[in-house]
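Here's the structure we're looking at; comments come further down.
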Amino acid sequence: MRVRVDPLVCEANGVCVGLAPEVFDLNDDDELEILKPDVPAEEADRVRHAVRSCPKAALALEE
């Protein structure tokens, strides 16, 4: 599974960072960084939850 972000839609609310900090982070410019675009199996459920919880629907999964 891969996760990606649409930087034109993302407002860097940080919901995903709070739900899956191993995969998502906000850089010093308040831009979302995906630390692990190829999501490890043990983090898949948390990443799915983070994607569903994004208030701007800026995240997408490719399974």
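The values are calculated or read from the model by the stated rules, or taken from the named source; none is laboratory data. Owing to the predicted nature of the structure, the values given are computational and were not obtained by experimental measurement. Ideal geometry is used to build each Cβ from the backbone, glycine not excepted, and the neighbour counts take in all protein chains shown. Areas reflect the complete protein model, heavy atoms only, side chains present, ligands, DNA and RNA absent. Shrake-Rupley method; radii C 1.70, N 1.55, O 1.52, S 1.80 Å.
The table below lists the values:
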item: Summed side-chain charge close to ALA58 - residues other than ALA58 whose Cβ falls under 11 Å, Lys, Arg +1, Asp, Glu -1; result: 0
item: Backbone HN-Hα couplings from phi across segment 24-30 [Karplus 6.51/-1.76/1.60, Hz, Gly and Pro as x]; result: 10, 8, 9, 7, 5, 9, 6
item: Per residue accessible area in Å² of the chain, where ligands, DNA and RNA are left out and the probe is 1.4 Å; result: 63 Å²
item: Degrees between helix 44-53 axis and first principal axis of the chain (Cα, 0 to 90, nearest 10); result: 40 degrees
item: Fraction of accessible area attributable to carbon and sulfur, the chain (%, probe 1.4 Å); result: 46 percent
item: Nearest-20 debye value, segment 6-63 charge dipole, Cβ charges on Lys, Arg, Asp, Glu; result: 340 debye
item: Distant-in-sequence amide H partners of GLU33 (H built 1.01 Å from N, under 5 Å); result: ASP25, LEU26, ASN27
item: Over the chain: helical MRE at 222 nm, DSSP H runs n ≥ 4 each giving -39500 (n - 2.57), nearest 500; result: -6000 deg cm²/dmol
